[in-house]
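The values are calculated or read from the model by the stated rules, or taken from the named source; none is laboratory data. Since the structure is predicted, the reported quantities are computational estimates derived from the model, not experimental observations. Here Cβ is always computed from backbone atoms with ideal geometry, including for glycine, and neighbour counts include all displayed protein chains.
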Amino acid sequence: MSKRRDLEQPCLLNQSLHFDQTTYPTYTEVVVLNRDRLYRKGDVLTVKVVAIDKKRRPKPYGGDFFHTRLVSCDRSLQASSAGHVTDHCNGTYTVQFPLYWVGNVSIKIQLVHPSEAVKILQSVRQVPNKRDFHCTFVELTTKAYDTRQCFSSNNPSLPPHRRCDFSKWEANGTWICQKPEKLPCSAIAKCRWKKSDLSRVRDLVSQEEMKLFQKPYLEMELKVNPKEPIRFLEAELPTPEHLPACTGNARESGASLGHWSGKVWKSAVCNVRVFTKEDIQQCLANKTVYMQGDSTIRQWSERLKNVVPLYYDNNSPVFRVANNNQWNISVRYRFHHFPVQGSDWIDFDDSRYTVDELDATQGGPNTVVVLSLWAHFTAEPLDMIRSRLYAVGGAIHRLMRRSPDTQVFVRTGTTREHVKGKLEFYLLASDWLAYEITEVIREVFRADPDVVVLDTWDMSVCQPGKDNVHPDQTMVDNQLNRLFSHICPK
């Protein structure tokens, strides 16, 4: 991941685009510092990256976005971890890799986007209403209907008398539609994203700028000097094998440190256990788990349905209730309110703001709330998700005042696939956009005593499987292990 000093990108703010200074992966230098020292498990390996342009000149400014990994050369270990990048804003970067295992390792550093592409993504993100949403309005008695364009941000060009405003200031949520000519606003029925029309997004980027979202500037592995693997020995003093229980204190909330060992994520912060089916049943017995947000949290609920197992009381695509009567377990999933980037029509009446759901939750010692709000907001101005999260935080605090024993978790974003390298997928859902939201989630909730942040970014950067917004079962099971380790730490 790429670590910056704050979310406003100081390395980019005053920089105009200099295409002749774009970071060129072939020439960019990656050097292991103190290469010849004897490293042991528990040490930190430091790597320096010097961004070089196509004319072999060092870049004078920062802002490049990387994925950095440490990978075991011993295939039987199947070990990997993420590095942590410090941008020095002068074209140089320091990557630190905590050393979690013994043996030979290889360093993998991928330039996801040069700073010039990041600058474009930053500019495009700030353009409101670039996705094409529509809602249908239906009069049930006459069957008359109309379809109108809708907006996830305020649209000053739409006068008040020509708009249906479904916004809710308590949730910091905006949803405004063009008013039908002959139907009332209350006739709103279904909404969806018109996926086929992406010309508005592509038109935000010039032909020259498009080149930055193609090879050799896009998602390129950098050459590490020297190429030979580095060997790590056992620590001179044995490292403690028993980590503290996952209690959810400030030290643990948001902590992403750890590594993959085979198909198991091992936290470096607290004791994340591997839960069997029986363990999960006992952990969740007599509990109600509210999962609210996007389809990445729906994937968690679907996995629980098969493992516990749970049986659906309904089959709504945006609101599902599943129960296990033997263990008295209930899992309730609901999608967040618009904007929703999906091509299926969604009943408007089924959509509720997360704030409303939290305010309607009684809570208590047997209530668990898990929120995932990121994937559908990557295309929106960053202030939208920030303001929504602040409203959600207020609702969480009201819930905790009612029922202080309620457990509340907020998960961060993850890496994802980018379909056939199409430009519009990067402009709407680049990993850089998702990482910025992850940073906002950390900013809003990391020090909040009422919330545990389940930081899933690092474990996705170095995951054994492929990047996907809906990752494989190994990733989902380990994400759930982290959740259960906090719900049932002993």
With 424, 417 as the choices, which residue is of a type outside the set (S, T, N, Q), touching a helix residue (DSSP H, G or I) at 6+ places or on another chain (Cβ under 6 Å) and at pLDDT below 95? 424
The condition from (1) more than 26 Å from the chain's Cα centre (by Cα); (2) of a type in the set (Ser, Thr, Tyr); (3) crowded, with 19+ Cβ neighbours inside 10 Å that residue 174 misses is numbered (1)
Give the residues of region 319-332 that are under 25 Å from the mean Cα position of the chain (by Cα) and touching a residue at least 24 places away in the same chain (Cβ under 8 Å), sorted by residue number. 319, 331, 332
If we scan region 439-454, do we find a residue that is among the acidic types (Asp, Glu), surrounded by fewer than 17 Cβ atoms within 10 Å (Cβ to Cβ) and within 17 Å of residue 341 (Cβ to Cβ)? no
Those residues of region 465-490 which are more than 27 Å from residue 286 (Cβ to Cβ) and either within 14 Å of the chain's Cα centre (by Cα) or surrounded by 17 or more Cβ atoms within 10 Å (Cβ to Cβ) (or both), in sequence order: 467, 468, 469, 470, 471, 475
If you go through region 333-348 one residue at a time, do you hit one that is under 23 Å from residue 189 (Cα atoms), assigned by TED's automatic domain parsing to the domain that holds residue 286, part of a helix (DSSP H, G or I) and over 20 Å from the mean Cα position of the chain (by Cα)? yes
Which residue is farthest from residue 479 (Cα to Cα), if the candidates are limited to region 265-274 and must be surrounded by fewer than 21 Cβ atoms within 10 Å (Cβ to Cβ) and in contact with a Phe, Trp or Tyr (Cβ under 9 Å, 6 or more places away or on another chain)? 268
Of the conditions (1) in a helix (DSSP H, G or I); (2) surrounded by 22 or more Cβ atoms within 10 Å (Cβ to Cβ), residue 135 satisfies every one except a single condition; which number is it? (1)
Residue 306 passes all but one of (1) free of Cβ contacts under 8 Å to residues at least 60 places away in the same chain; (2) over 21 Å from the mean Cα position of the chain (by Cα); (3) buried (at least 19 other Cβ atoms within 10 Å of the Cβ); which number fails? (3)
Note on region 43-102: residues of a type in the set (Lys, Arg), farther than 26 Å from residue 414 by Cβ and out of contact with any strand residue (DSSP E or B) (no Cβ under 7 Å at 6 or more places or on another chain) are 54, 55, 56, 57
Can you tell me which residue within region 43-59, out of those that are more than 28 Å from the chain's Cα centre (by Cα) and not in a strand (DSSP E or B), is surrounded by the most Cβ atoms within 10 Å (Cβ to Cβ)? 59
With respect to the numbered conditions (1) in contact with a Ser or Thr (Cβ under 9 Å, 6 or more places away or on another chain); (2) acidic (Asp, Glu); (3) at pLDDT 95 or above; (4) under 27 Å from residue 284 (Cβ atoms), which one is the sole condition not fulfilled by residue 380? (4)
Check whether at least one residue in region 369-391 is of a type in the set (Gly, Ala, Ser) and within 25 Å of residue 488 (Cβ to Cβ), and report yes or no. yes
Tell me the residue from 277, 287 that is at pLDDT 95 or above and either surrounded by fewer than 18 Cβ atoms within 10 Å (Cβ to Cβ) or within 23 Å of the chain's Cα centre (by Cα) (or both), please. 277
Matching option when the condition is closer than 14 Å to residue 417 by Cβ and either among the hydroxyl-bearing types (Ser, Thr, Tyr) or in contact (Cβ under 8 Å) with a residue 60 or more places away in the chain (or both), among 476, 452, 469: 469
Assuming residue 195 fulfils every condition listed in (1) of a type in the set (D, E, K, R); (2) touching a helix residue (DSSP H, G or I) at 6+ places or on another chain (Cβ under 7 Å); (3) under 30 Å from residue 318 (Cβ atoms) apart from one, which condition is it? (2)
In region 293-332, anything in a loop (DSSP other than H, G, I, E, B) and either closer than 22 Å to residue 484 by Cα or of a type in the set (Ser, Thr, Tyr) (or both) is listed as 294, 308, 309, 310, 316, 325, 326, 327, 328
